[in-house]
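The values are calculated or read from the model by the stated rules, or taken from the named source; none is laboratory data. Just so we're clear, the structure is a prediction, and the values are computed from it rather than from any experiment. Virtual Cβ from ideal backbone geometry, glycine too; neighbours counted across all protein chains shown.
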Amino acid sequence: MRLLAITAVLIGAIIIYATFMFFHTGELSGELLSDLHLIEQKVKDEQWKEATREVEKLKKSWHKAEAWWTPSMDHRETELIDMSIVRVAGWVDMRSKEDALVEINVAKRMVQGIKEKESPSLKNIF
């Protein structure tokens, strides 16, 4: 009976943690996507100073997300997002509109991929 209670508590804790991470991942990825969208708009309008400010906000959002995601996700995925964000910052600093827009879209796709991979679905189970 004691073993059953311990097992039930562990399963409950795992379910609660998974649910928390799912919703928290949604919030973090939404924040990153919002930052990337703002940068994209500023780059399209060639508002480089504003784009640079948005890149700084993106970096802060990324550091927050990375702190949560790194312990529980594939490190290759988080490293790829990190490298993409570094490239976005570099292209914005160099004021290279086309390269920045391409890299922003790459970063957006990778962040969306994280959100999709963490969602509870049959595709992710099997």
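Being surrounded by 12 or more Cβ atoms within 10 Å (Cβ to Cβ) and of a type outside the set (Ser, Thr, Tyr), is that true of even one residue in the stretch 9-17? No; the residues of the stretch 9-17 include none that is surrounded by 12 or more Cβ atoms within 10 Å (Cβ to Cβ) and of a type outside the set (Ser, Thr, Tyr). Among the residues of the stretch 65-104, just one is in a helix (DSSP H, G or I), exposed (fewer than 14 other Cβ atoms within 10 Å of the Cβ) and in contact (Cβ under 8 Å) with a residue 12 or more places away in the chain, namely ASP93.
Quick one: which of GLU46, GLU40, GLU50 is outside any helix (DSSP H, G or I) and among the acidic types (Asp, Glu)?
Matching residue, one of GLU46, GLU40, GLU50: GLU46.
Scanning the stretch 85-109 for residues that are among the small types (Gly, Ala, Ser) and either over 11 Å from VAL43 (Cα atoms) or in contact with a Ser or Thr (Cβ under 8 Å, 6 or more places away or on another chain) (or both) yields a total of 3.
Here are the criteria: (1) in a helix (DSSP H, G or I); (2) within 21 Å of GLN112 (Cα to Cα). Tell me which single one ILE16 does not satisfy. Here ILE16 clears every test but (2). Of all the criteria given as (1) touching a Ser or Thr at 6+ places or on another chain (Cβ under 8 Å); (2) at pLDDT 95 or above, the one not satisfied by MET21 is (2).
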